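Here the structure comes first, spelled out in structure tokens, and everything after it is commentary.
Each reported figure results from applying straightforward, stated rules to the coordinates on display, with no laboratory input. Treat the numbers as computed from the prediction; the structure is a model and nothing was measured. Heads up, the Cβs are rebuilt from the backbone with ideal geometry, glycines too, and the neighbour counts pull from every protein chain shown.
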């Protein structure tokens, strides 16, 4: 039987087995530059294996991906963390499973952001390739500058359906 | 006599002695994730000295800083690059001088972004501490996770005034 998953609200606590949440809402801040700025420090650590550097990309959605959305494959990056930070206020959905050699479909979880959050997948976290709910959405990406392969994929035994979001049903 | 500087338009060519411009406007893109996204690759390299990692912060302006703005000090980070990427569309101004032991005031230049650009200061680039033209503006910051000192400052012989922007004069 096809498995359905519903997205939960993204929070740093719920997401902690999979990565970091980059947000200002719940973090303690200090100030800098003569108190011109609040500073929300160390929201994500860029975890890179070896002497390689991190690189910064921007990706922009060409089309909207509509929910419900069926997928059968997850991926992971064994050599580095990978951050996605929206460059304007919009909601997005991520699907994750714990690190490990295999993915057990019963372990798959989905999270929906609140519009002001970004995420940083820990090295090795299984995740669905990025989708966007609208066209033209831009994400900043921070990941390892790899010349060697840094993406494993895992095909599930049966497709999983990411259901429509609770408030858009 | 007090020196005045006017901000030039930020472009990757003009800014190249000082750092990278993180933008999608002028970059060639490829596509990814089954052509769901345009990808603007390697817009900035995170240049970190030693085995330390990069960290991600968010800073949010408490107040607007108005122009003209007088400053007398620049800073540099000898151990790593430092990126500032607006988390929504807004214009900001950076002031820079080339790497070196000293700053010659005649070498100071200012750049104003077009609203959709971020920047990454190269390691060692002298720059004015960040200012924001409005309150509540959020920047993503990517820099070295330093336990050791990583900020030199240089006091100019005389104050420099960053003039009002051409289109807001």
So residue A:136, is it out of contact with any helix residue (DSSP H, G or I) (no Cβ under 9 Å at 6 or more places or on another chain), under 26 Å from residue B:21 (Cβ atoms) and buried (at least 16 other Cβ atoms within 10 Å of the Cβ): no
Selection from segment B:129-157 of residues that are over 29 Å from residue B:104 (Cβ atoms) and in contact with a strand residue (DSSP E or B) (Cβ under 8 Å, 6 or more places away or on another chain): B:134, B:135, B:136, B:137, B:138, B:140, B:145
Qualifying positions in segment B:2-21 - touching a strand residue (DSSP E or B) at 6+ places or on another chain (Cβ under 8 Å) and either surrounded by fewer than 13 Cβ atoms within 10 Å (Cβ to Cβ) or in a strand (DSSP E or B) (or both): B:2, B:3, B:4, B:5, B:7, B:8, B:9, B:19, B:20, B:21
Residue A:140, sole failed condition from (1) away from chain B (no Cβ under 14 Å); (2) assigned to a strand (DSSP E or B): (1)
Residue A:104 being more than 10 Å from chain B (Cβ to nearest Cβ) and either within 21 Å of residue A:58 (Cβ to Cβ) or out of contact with any strand residue (DSSP E or B) (no Cβ under 6 Å at 6 or more places or on another chain) (or both): yes
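Just one of B:110, B:105 is more than 23 Å from residue B:21 (Cβ to Cβ) and out of contact with any helix residue (DSSP H, G or I) (no Cβ under 9 Å at 6 or more places or on another chain); which is it? Walk me through how you get there before you give the answer.
Working: B:110 fails: more than 23 Å from residue B:21 (Cβ to Cβ).
Criteria check complete, one pass: B:105.
For (1) touching a strand residue (DSSP E or B) at 6+ places or on another chain (Cβ under 7 Å); (2) touching a residue at least 40 places away in the same chain (Cβ under 8 Å); (3) surrounded by fewer than 16 Cβ atoms within 10 Å (Cβ to Cβ); (4) facing another protein chain (nearest Cβ under 9 Å), each residue gets a yes or a no:
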position	(1), (2), (3), (4)
B:42	yes, no, yes, yes
B:50	no, no, yes, no
B:95	yes, yes, no, no
B:100	no, no, yes, no
B:111	yes, yes, no, no
B:122	yes, yes, no, no
Residue within segment A:31-40 that is touching a strand residue (DSSP E or B) at 6+ places or on another chain (Cβ under 6 Å), more than 10 Å from chain B (Cβ to nearest Cβ) and at negative phi present: no
Number of the exception - residue B:146 against (1) within 12 Å of chain A (Cβ to nearest Cβ); (2) touching a helix residue (DSSP H, G or I) at 6+ places or on another chain (Cβ under 8 Å): (2)
Of the criteria (1) under 11 Å from the mean Cα position of the chain (by Cα); (2) in contact (Cβ under 8 Å) with a residue 60 or more places away in the chain; (3) outside any strand (DSSP E or B), which one residue B:148 fails: (1)
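Which residue is nearest to the other protein chains (Cβ to nearest Cβ), if the candidates are limited to segment B:84-93 and must be assigned to a loop (DSSP other than H, G, I, E, B) and surrounded by 21 or more Cβ atoms within 10 Å (Cβ to Cβ)?
Kept after step one, since they are assigned to a loop (DSSP other than H, G, I, E, B), are these residues of segment B:84-93: B:87-92.
Okay, now just the ones that are also surrounded by 21 or more Cβ atoms within 10 Å (Cβ to Cβ), so B:87, B:92.
Values: B:87: 7, B:92: 12 Å.
Per the stated criteria, the residue is B:87.
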Looking only at segment B:124-137, and only at residues there that are more than 10 Å from every other protein chain (Cβ to nearest Cβ) and more than 22 Å from residue A:118 (Cβ to Cβ), the one that is nearest to the chain's Cα centre (by Cα): B:127
